[in-house]
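The structure appears below as structure tokens.
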Amino acid sequence: MSRLTTLSVLLCVLHASTQRSTPADDHYVAAVVEYQVSNDVSANLQNYANLIKDASGQNADIIVFPELTLSRGRSVVVPIHGILKDYPVPALRPDLYDEVLVTISSAARQNAIYVVINIEELVDCTHDNSEYCPEPERYLFNTNVVFDRTGAVIDRYRKINLFGEYTRMPALQPDLGVFSTDFGVKFGHFVCFDLMFQVPAVQLVDKYNLTDIIFPTMWFSEMPYLTAVQIQEAYAYSMNVNFLGAGANNVRVGSAGSGIYSGKAGALVSTMPGVPTTRLLVAKVPKVPGKVSGTYPGPIYDDPSTQDDLVLISDPSLPSHITRTLTPGFQEITLTDKDVTCHFKVRLNKRNTDTGYHYRAFVQDGTTTYSRRPLGVAACLVVACKTDDKKSCPYRFKHNEENYEIDELEISMTTYRDHYNTSLHCSDIEYYPVSLRNNKFPLSPKNFTFTGTEKMNSISEVKGGFTNLSFKMSKPQNDIVAFGVWGRLYNRDGGPGEKREDDVANYIELEEVIYEGKIKT
């Protein structure tokens, strides 16, 4: 036996002896990183290695890093169908692999921890015969890479739904990211904009009956439905999964938000910072989503002086939806758009001032466009507006502007019934309970009830028709910016728009802003 082989065996024994969680445990320990965007690859590699060590020191079994925060400007070959089959641990064959894979493999191996990173992957189809190559070209992908405790690369997932990113290709085949661990948990994983789509965000959970999802992201928050922690927590709640979301941090351009969530229990820990920062979030995660015991950190709130520094954009289509102003006191109103009806039961207690924001009720049955892709949406919403003008919605008022207490709020929604897609083996419709407070976090699940969302899990169940949902506050609130049901009708989605000639140049310019802070004047 060679010295290298002996060392490898000893290392494997050492790793086995330091395993944090086992299949017999009712929980595991997860870590996610909110990582401040930097263009310095060497510094990023060192920071990643340090964070991996810190997470291991807190007994984490797995650590997740955000989207495209490691190696901007460097494309990495991940030959999972090639030499990685014979030499799966880059740390043991540094001569064969990029420094990025070698460094992360070494850190995972030294600290006996699963690691998920996201990189720009290069496939050179002019000579690579191990990959699927429709044309003899060089392809760039937005890719998750997963390492196990020994430093071996065990999975790779290419982002299917690109948000712009015109210098990259969407996955050439809709392969889903799934891997198993030695602590008895099977994970699914996807990337950022993928969250908005049936494939992979719904198919992954429904088809494989998964309970744990990993989510590297560089999210750009949009009020009132899609701020980062808001939609991460809503997805975990509706899909009833543990959700590990790691967000890129660049507050100047509106990117921030990370957390670990457990089904209908909500956030075990989450952050939505208003300052440039790198934060390691660690939590004990129950293997049965929502079955939480003991204490956990929950949301990490900003200093009020920095709370407004994170840029939040607004849904530009909101003023075009059917809407009505709400008034102080008790009221019941019904709004209908095509086949979706929203009944609002609201009691607003206005403080003794004539100034401040107002609330409006909205309903939508149609499509909304994101990155030139029309997505099917059905929604009922109550949202704060700066003035009586619907164009002033939504308005994230400051703490010292709080002018209303919402003593009672219940939304009853008559909408499209979920049905099962027999080709994709998953639901065609999902409904998410979304809320946003003026501190940028959603309402805790202990403060609302959401009913009527039973999923169709069999092809024999009824397809089509309508159903009734209810979203209700459990106690009065004085900091609500938005509260409603956001439904995704995936069978209405359109494909991506045709790429314009200037799209690539515009995207490169956007990356200069994101990574180097170069703003065009």
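Quick look at the values:
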{"quantity": "FRET E, pair N506, T306, Förster distance 25 Å, beta-carbon r, rounded to 0.05", "calculated": "0.25"}
{"quantity": "Anchor K475: aspartates and glutamates whose Cα lies under 16 Å away (excluding residues fewer than 8 positions away in-chain)", "calculated": "E405, D407, E408, E410"}
{"quantity": "Theoretical FRET efficiency, 1/(1+(r/R0)^6), r = Cβ-Cβ of E516 and K386, R0 35 Å, to 0.05", "calculated": "0.55"}
{"quantity": "Ordering of 95-104, 171-180 by burial proxy (mean other Cβ atoms within 10 Å per residue, highest first)", "calculated": "95-104, 171-180"}
{"quantity": "Residue pairs, from the table K264/K398; K287/K386; K53/K291; K207/K291; K386/K446; K159/K345, whose Cα atoms sit over 32 Å apart", "calculated": "K287/K386; K159/K345"}
{"quantity": "Label zone at E131, where the point sits 7 Å out along the Cα-to-Cβ direction: segment 60-89 residues whose backbone N lies under 20 Å", "calculated": "67-89"}
{"quantity": "Length-normalised contact order for segment 59-162 - Cα pairs under 8 Å, 6+ apart - percent", "calculated": "32 percent"}
{"quantity": "Among L70, P134, A361 the positive-end extreme of the charge dipole of the chain (Cβ point charges)", "calculated": "A361"}
{"quantity": "Segment 24-157 shape via C-alpha gyration tensor axes, a/c threshold 1.5", "calculated": "prolate"}
{"quantity": "Segment 368-422 shape via C-alpha gyration tensor axes, a/c threshold 1.5", "calculated": "oblate"}
{"quantity": "Between segment 18-96 and segment 334-355, the alpha-carbon center distance in angstrom", "calculated": "47 Å"}
{"quantity": "Kyte-Doolittle at least 0.5, axis length at least 15 Å by Cα - qualifying DSSP helices, the chain", "calculated": "3-17"}
{"quantity": "Protection proxy ranking, peptides 419-432, 226-239, average beta carbon neighbours within 10 Å, highest first", "calculated": "226-239, 419-432"}
{"quantity": "Sum of -39500 (n - 2.57) over DSSP H runs of 4+, divided by residues of the chain (222 nm, nearest 500)", "calculated": "-4500 deg cm²/dmol"}
{"quantity": "20 Å-binned pair-distance histogram of the chain (Cα, whole percent)", "calculated": "22, 55, 21, 2, 0"}
{"quantity": "Anisotropy class of segment 124-186 from Cα gyration tensor, a/c 1.5 cut", "calculated": "prolate"}
{"quantity": "Convex hull (Cα only) mean projected area of segment 229-283, reported in nm² to one decimal", "calculated": "3.4 nm²"}
{"quantity": "Where labels lie 7 Å past Cα in the beta-carbon direction, separation of T353 and K53 in nm", "calculated": "5.1 nm"}
{"quantity": "Percent accessible area from carbon and sulfur atoms, the chain, protein chains only, probe 1.4 Å", "calculated": "50 percent"}
{"quantity": "Sites matching chymotrypsin sites (Phe, Trp or Tyr not before Pro) across segment 264-356 that sit in DSSP coil, with at most 15 neighbouring C-beta atoms within 10 Å", "calculated": "Y301"}
{"quantity": "Loop trypsin sites (Lys or Arg not before Pro), segment 55-111, which have at most 16 other Cβ atoms in a 10 Å radius of their Cβ (DSSP)", "calculated": "R74"}
{"quantity": "Probe 1.4 Å, all protein chains present, accessible-area order of S293, S470, largest first", "calculated": "S293, S470"}
{"quantity": "Segment 269-401 - convex hull of the alpha-carbon atoms, volume per residue in Å³", "calculated": "204 Å³"}
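The values are calculated or read from the model by the stated rules, or taken from the named source; none is laboratory data. Everything numeric here is computed off the predicted structure, so don't read it as measured data. Cβ: placed from backbone, ideal geometry, glycine included. Neighbour counts: every protein chain shown. Keep in mind that these areas ignore ligands, DNA and RNA; they rest on the heavy atoms of the full protein, side chains included. Shrake-Rupley method; radii C 1.70, N 1.55, O 1.52, S 1.80 Å.
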